[in-house]
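What follows is a single structure, written as structure tokens, with notes after it.
The values are calculated or read from the model by the stated rules, or taken from the named source; none is laboratory data. From a predicted model like this one, the values you see are computed outputs, not experimental measurements. When we count neighbours, we look across all protein chains shown, and the Cβ atoms used for this are built from the backbone with ideal geometry, even at glycine.
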Amino acid sequence: MSEIAALLDETRTFAPGEAFVREAQVTTRAAWEAAAADPEAWWAEQARSRVEWHTPWTQVLDWQPPRVRWFLGGTLNVAENCLDRHVRTWRRNKAAFVWEGENGDRRTLTYWDLYVEVCKFANVLKQLGVRRGDRVGIYLPLVPEAAVAMLACARIGAIHSVVFGGFSPESLRDRLDDAQAKVLVTADGGYRRGQVVPLKRNADRALEAAPSVQHCVVVRRLPAGAADESFAEMRDGRDHWYHRLMQHADPHCDAAVMDAEDELFILYTSGTTGKPKGIVHSTGGYLVGATTTMQLVFDLRDDDVFWCTADVGWITGHSYLVYGPLANGATCVMYEGAPDWPERDRFWQLCERHGVTIFYTAPTAIRAFMKWGDHHVGKHDLSRLRLLGSVGEPINPEAWMWYRRVVGGDRCPIVDTWWQTETGAIVISPVPGVTHTKPGSATHPLPGYAVQLVDAQANALAKGGGLLTITRPWPSMLRTIWGDHARYEQTYFSKWPGRPDLYFAGDGAKLDDDGYWWILGRVDDVLNVAGHRIGTMEVESALVEHPAVAEAAVVGKHHELKGQAIAAFVTLREGVPASGELRDELREFVAAKIGAIARPDDVLFSADLPKTRSGKIMRRLLRDIADGRALGDTTTLADPSVVASLKEQYESQES
């Protein structure tokens, strides 16, 4: 069968709370109705009302599948939209970023402070020879200078490419070389779980094979002395201290007038297999998408304190830590370190100290919080929280319920968001003043998006499991893959010959009887058990529903009769001992919950699961372990030792 079996049946629903609805900015379905009646007109209205333009567009959309252009002829500058228009108002002295380092360092930058820093660094970049269209690599810890560098590039029309500070020198080199970056902005180091991440040393190794980089600007994050002597060897002529360049830089810099279709940034996907893809986002369409969805999904108010826990090395950090919030004049919390350092209540300590009202994090983190126990949350006053968000992968229903009950006190709506690096902005999500939510469901597409479930032949499905596609262009969609437009067309628009208008997201999904969307995960992760195509998310959700389980990942392993059998890797909640009895209990629990066809053949207990540095489970490596193959590339893993430990355990269990 070509469809993906939809096995889990979730019936719990939660209406928006009366108190929330009374103050919500969107409480009716008028936006969906207007967008459905005339999508181009609806997006044009968002662009007019939410973004400042130098010159208006002459055409809203030019769609020649798969080539797309939005707001043709329109000109603007993203940094002006994020800063200049606010410093002309009362927001001039409003906090833009409230930053805290893992070691306890704290800084607050107002919109005026940020404006001055961005103008100064824009002038620094120009002095280093950066011109409109040049590429600038950014390889920093999560410090305010990362946002400053991004906005400075946008101000002068340079194209930034942020590389997550946890990536290896080889990963950084590949991205710098592919983008042909002219300048790299890095730091002497950063902090992670009490240890120093030697960013400058890593950068030096990367630059040995990245000849396009002419200058390296180094932010001092470590104490003076430690930085100079051991972590940052400075090469004369190439390397420059950020603070010294900024000392005498001009605090005024005119913003470049950019075409709506000019490139704003390149962001490389994690590249778990093959060459990383440099996703290119445009100036006008991207800003319209990020700004509009920021307001719709998060019901943003002027007195909110918004904390998106993502690093700027990921698209979530681009859209909902920098561009979306700043364009809306928000106050954002930015935190450098790990959620469990020095104690496992660090996130809740930060929420309490900074008065966070909107909290947006990943299911991986939520499941870790569950595993660590409710008492870490209970130590802190989280009464100012009014909205919770989830991003990055499907969230299990029981993790969703824990998040609502323990963190949100049963009063905060949850916006479970589905989107991708390629979409640039949220596509499917509740709107908290309108949508009745279901645990684990992303609910419905936002206004302006046309999402369709199809089978393997691209026939539309009204319900059940299938493939998630987008049938109409949207402003913040990717424009190309840097340097490889053929790969862009091949990857996203060629699955169905004759349908170049159909964007394939790569995810499986299901529609329930009420028309709610459930994301089942990457189709590469779909299991084929005795002819039944089963989404990994459903089996994992069943396992997590068991009170002993904090997190689970399932993969398919070769089976002579069934084609594939299910192998489950399970992390238990703290204090729960692993045993053969519990292993059998979990197998039967899954069978009782969603059917005997989904009963795992193998259950392996593990203290942790292999994850990328963005927190996504690396099922490819788990498949290698389950099938006894040599392990693939582990350079993007947060902790490669986890894989070796799992492999050893699995082999001992098999024997």
Restricting the stretch 29-79 to residues that are of a type in the set (Phe, Trp, Tyr) and farther than 22 Å from ILE470 by Cα, the one farthest from the chain's Cα centre (by Cα) turns out to be TRP57
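Table: residues versus (1) at pLDDT 95 or above; (2) of a type in the set (Phe, Trp, Tyr); (3) surrounded by fewer than 24 Cβ atoms within 10 Å (Cβ to Cβ); (4) more than 30 Å from ALA181 (Cβ to Cβ).
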residue	(1), (2), (3), (4)
ILE426	yes, no, no, no
VAL431	yes, no, no, yes
GLN452	yes, no, yes, yes
THR491	no, no, yes, no
GLY498	no, no, yes, yes
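Look through the stretch 291-323, keep the residues that are in contact with a Ser or Thr (Cβ under 6 Å, 6 or more places away or on another chain) and closer than 22 Å to GLY133 by Cα, and return whichever of them is modelled with the lowest pLDDT. Break it down into steps so the answer makes sense when it comes.
So in the stretch 291-323, the residues in contact with a Ser or Thr (Cβ under 6 Å, 6 or more places away or on another chain) come out as 297, 304-305, 309-310, 314-315.
When the remaining residues are screened for being closer than 22 Å to GLY133 by Cα, the result is 314-315.
Details: TRP314: 92, ILE315: 96.
The residue in question is TRP314.
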Across (1) assigned to a strand (DSSP E or B); (2) at pLDDT 95 or above, LEU582 clears everything bar (1)
Note on the stretch 515-528: residues modelled with pLDDT under 95 and of a type outside the set (S, T, N, Q) are ILE519, LEU520, GLY521, ARG522, VAL523, ASP524, ASP525, VAL526, LEU527
Of all the helices (runs of 4 or more DSSP H) wholly in the stretch 147-255, which have at least 3 residues that are of a type in the set (Val, Ile, Thr) and touching a strand residue (DSSP E or B) at 6+ places or on another chain (Cβ under 6 Å)? none
Quick check: anything in the stretch 508-530 of a type in the set (Ser, Thr, Tyr), in contact with a strand residue (DSSP E or B) (Cβ under 8 Å, 6 or more places away or on another chain), touching a residue at least 40 places away in the same chain (Cβ under 8 Å) and over 30 Å from ASP134 (Cα atoms)? yes
Just for the stretch 333-373: of the residues that are in contact with a Pro (Cβ under 7 Å, 6 or more places away or on another chain) and modelled with pLDDT of 95 or more, which one is farthest from GLY409 (Cα to Cα)? GLU336
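Rundown of residues vs (1) in contact (Cβ under 8 Å) with a residue 60 or more places away in the chain; (2) surrounded by 23 or more Cβ atoms within 10 Å (Cβ to Cβ), yes/no style:
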position	(1), (2)
PRO276	yes, no
GLY284	yes, yes
GLY289	yes, yes
LEU296	yes, yes
VAL333	yes, yes
GLU336	yes, no
PHE347	no, yes
GLY378	no, no
Failed condition for ASP514, given (1) surrounded by fewer than 22 Cβ atoms within 10 Å (Cβ to Cβ); (2) within 23 Å of the chain's Cα centre (by Cα), with all others met? (2)
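Conditions (1) under 30 Å from GLU33 (Cα atoms); (2) in contact with a strand residue (DSSP E or B) (Cβ under 9 Å, 6 or more places away or on another chain), marked per residue:
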residue: GLU343; (1), (2): no, no
residue: GLN349; (1), (2): no, no
residue: ASP374; (1), (2): no, no
residue: LEU385; (1), (2): no, yes
residue: ARG405; (1), (2): no, no
residue: ALA442; (1), (2): yes, yes
residue: GLY448; (1), (2): yes, no
Considering only residues that are assigned to a loop (DSSP other than H, G, I, E, B) and touching a helix residue (DSSP H, G or I) at 6+ places or on another chain (Cβ under 9 Å), look in the stretch 90-122 and name the one that is surrounded by the most Cβ atoms within 10 Å (Cβ to Cβ). GLU102
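Filter the stretch 24-65 for residues that are acidic (Asp, Glu) and in contact (Cβ under 8 Å) with a residue 24 or more places away in the chain and give the result.
The answer is GLU52, and nothing else.
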Taking the stretch 1-49 as the search range and keeping residues that are among the small types (Gly, Ala, Ser) and assigned to a loop (DSSP other than H, G, I, E, B), which one is modelled with the lowest pLDDT? SER2
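For the stretch 394-433, which residues satisfy the criterion of being closer than 19 Å to PRO547 by Cα and hydrophobic (A, V, I, L, M, F, W, C)?
Listed by number, the residues that qualify are ILE395, ALA399, TRP400, MET401, TRP402, VAL406, VAL407.
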Taking the criterion of being in a loop (DSSP other than H, G, I, E, B) and polar (S, T, N, Q), would at least one residue in the stretch 442-452 satisfy it? no
Is at least one residue of the stretch 180-199 closer than 30 Å to ARG479 by Cβ, crowded, with 23+ Cβ neighbours inside 10 Å and of a type in the set (Ser, Thr, Tyr)? yes
